[in-house]
Amino acid sequence: MDIAALGVNVDKSGSPQQSDILSAALELGEVPATPAALTSREPGFWLSNTLLWEHNDHQGEAPALSVCPLVLHTDLDPGSKKIKYILSGDGAGTIFQINDITGDIHAIKRLDREEKAEYTLTAQAVDFETNKPLEPPSEFIIKVQDINDNAPEFLNGPYHATVPEMSILGTSVTNVTATDADDPVYGNSAKLVYSILEGQPYFSIEPETAIIKTALPNMDREAKEEYLVVIQAKDMGGHSGGLSGTTTLTVTLTDVNDNPPKFAQSLYHFSVPEDVVLGTAIGRVKANDQDIGENAQSSYDIIDGDGTALFEITSDAQAQDGIIRLRKTRQLNNLPDVIPDILPDESTVVGAEAEPLDFETKKSYTLKVEAANVHVDPRFSGRGPFKDTATVKIVVEDADEPPVFSSPTYLLEVHENAALNSVIGQVTARDPDITSSPIRFSIDRHTDLERQFNINADDGKITLATPLDRELSVWHNITIIATEIRNHSQISRVPVAIKVLDVNDNAPEFASEYEAFLCENGKPGQVIQTVSAMDKDDPKNGHYFLYSLLPEMVNNPNFTIKKNEDNSLSILAKHNGFNRQKQEVYLLPIVISDSGNPPLSSTSTLTIRVCGCSSDGVVQSCNVEAYVLPIGLSMGALIAILACIILLLVIVVLFVTLRRHKNEPLIIKDDEDVRENIIRYDDEGGGEEDTEAFDIATLQNPDGINGFLPRKDIKPDLQFMPRQGLAPVPNGVDVDEFINVRLHEADNDPTAPPYDSIQIYGYEGRGSVAGSLSSLESTTSDSDQNFDYLSDWGPRFKRLGELYSLGESDKET
């Protein structure tokens, strides 16, 4: 079978033009150069690759069906109609359609190479009637030829880029890329060329690489910060007729430090009252910098002037200005090191410092302030120094100032034996104002709660009000207040540290309570105890003690003393053979004297006990009773044995008592009626066979034991208010309901007795005028009984009689 392909170009209206006929390129299979070759080949299909041109529709019109006619023909059918052609494969029936009689193949849809570049189809000739194949199927490929129908696109646009200001010519800014969906191999449909439509002469672009560079040097951010660049990408190599796409690029110039700070004015004027608090801001100066961020940061300094020691300037990082303050100067440097750390804090030392500003002394100050960039770029150092200066003039205004003490703090000393009302020291203060108001002094009693000191309100002399004791407190810290008489709101405070000096007013004594132990088998000259002394006083040259025995005990036959180099004392035994049976305790008075002026002394007694010791001198017992104790038992062991014996005796006594209490029979006394009581048993019985835990006689008829015992009816001592009677109960009342009503009434009756009682009746009793209330063993019938006599017993029994009477009447009814 032959395949003849004819490529026909179709215009926008879908009509083929004879002048646009294209020769099909047969790439697969053998295709003869002349038609004669077709007749000389052996039967079979010709396989060809036919290039089809894709076409855009014209104003929405559908494309012509015969875009490219492809004719199939077999050598077996020289014009016969018994052969039918069929087509299968990619797009068969949907994109390509075959005429089963003629073998003509038509495209019924517009082809788009960007969607599918080639189609593989299979053609076959079959019998028209039986559909049996006449020849083997032949496969051929249709390739779609590209045309320039897609414009370039910038997929990542719009773009943003930055470049430092003052950059040199040709500095790279950024790179942009466009894409074209056309075939980059066939023709120039996808060959792109870049150009700048807007943004010149500031920037340029490489036509092929799309690299954007600066086209002008030294672009200044302070002049213009942002630039908009329009970039175009055009296909077909940039020739006419090509399609194009555009995007925008926003270029921002970043800041560099290329501008120095500049003060807005060369002279600043400020005024400040002379009593301004230290550290107060007086004014602000600012040097403007056209740069931004850290490039605009400036530091401020005072480089010259007559107030450099009084004023300081600090930089405000947020506002980018300099703050001029009164310098915080502390003048407590001359405080002695011995003053403890309990001085008042800085907030209370108001006026204790010499105020740095004094209208009466100096009325104005001149400062030279400099502002310099913190971050300097060395590339622009040639533009000049990145700093500027300005002059600041500060005028001091007069104010009513508080008094000023002659010293910021005072240190006074006084002996602890100083007489009352004696002068310890003096403080002085003055009014620095021209008017010079008189000053009145006082003590802040919050710092002198015990009122140990007084001060003369006129001259500031401090006197002693109560005796001092150095041994209780060495330092006293008070605050003196100075107040102007003409203006009481003007006050100043000053700390005064008073040190109490020592005098020899305490005698030495033993450092602790000593108790010495002497062994019976001790040797002569043996050290019994070493003692030391203490003195509450604090002499300048330290303590030195003298030890001696009382005059009457200088020739003590038993003990002697020896002074040691470390200011301690050793007590020695003069002989051996001490016996605690003869004397158990020795008292040795010792006189201790100090080296004060005048010297003081005291007598302390040392207690020496004679003890039994082992051969190596270890104390074992110091009591005389140890001789009479059994051998091998100590006092502690005997005490433990005695305690155990006492405990056993207590247990035996308790056991016997409980046993007797358990075996005591429950006997009913003649003068008691056990029926009127509740008997409580704390122990559980052992069952029916247990006859000891519970006396069964209690529940028996007393007549069978001790004869007849009449019942004792005891009238209650409590008198209750009569309760309001209820309405009479109609005939046929329900007994359960009646009992429930009465029970509820009794529970809620405030006059009812607050106790429960129980009566045990083993028999009904004898001699009652009411007779038996039980129907058991009764000789009369219920109808013969009369309950009217119950009315004489009281309201409650009357009600009971009515109930029984109603019951009888109901029965009769």
Leu267 neighbourhood, Cβ < 12 Å, K/R = +1, D/E = -1, net charge +2
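Multiply the residue separation of Leu654 and Lys798 by 0.36 nm, subtract the distance between their alpha-carbon atoms, and state the gained length in nm to one decimal. Don't jump to the answer; show the numbers that get you there.
Details: separation 144, 0.36 × 144 = 51.84 nm, distance 5.70 nm.
The span from Leu654 to Lys798 would gain 46.1 nm if fully extended.
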Within region 83-160, the percent of DSSP beta bridges that are antiparallel, given to the nearest 5, stands at 95 percent
For region 178-254 the GluC sites (Glu not before Pro) that pass both the DSSP coil test and the at-most-14 other-Cβ-within-10 Å test are Glu208, Glu222
Env charge @ Ser364, Cβ radius under 14 Å, K,R +1 / D,E -1, value -3
The FRET efficiency for Ser172 and Ser240, from their Cβ-Cβ distance with R0 = 25 Å and rounded to 0.05, is 0.20
In nanometres, the difference between 0.36 nm per residue of separation and the alpha-carbon distance of Ala637 and Val585 is 16.2 nm
On the formula 1/(1 + (r/R0)^6), with r taken between the Cβ atoms of Leu278 and Arg609 and R0 of 60 Å, the FRET efficiency rounded to 0.05 is 0.25
Lys116 and Ala317 label points (each 7 Å along its Cα→Cβ direction) are spaced in nm at 6.8 nm
Each label sits 7 Å from Cα toward the beta-carbon; between Asn567 and Asp398 the label points are separated, in nm, by 6.4 nm
Under the 7 Å Cα-to-Cβ spin-label approximation, Ile303 and Ile434 lie apart by a distance in nanometres of 3.8 nm
If the chain between Asp469 and Arg327 were fully extended at 0.36 nm per residue, the gain over the current Cα-Cα distance would be 46.8 nm
For region 395-501, shape from the Cα gyration tensor axes a ≥ b ≥ c, cut at a/c of 1.5 then a/b versus b/c, turns out prolate
The FRET efficiency for Leu449 and Asn597, from their Cβ-Cβ distance with R0 = 30 Å and rounded to 0.05, is 0.30
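Throughout, read-outs are computed from the coordinates displayed, never taken from laboratory work. Here the structure is a predicted model, which means the values were calculated and not measured. Cβ coordinates were reconstructed from backbone atoms using ideal geometry, including for glycine residues, and neighbour counts include every protein chain displayed.
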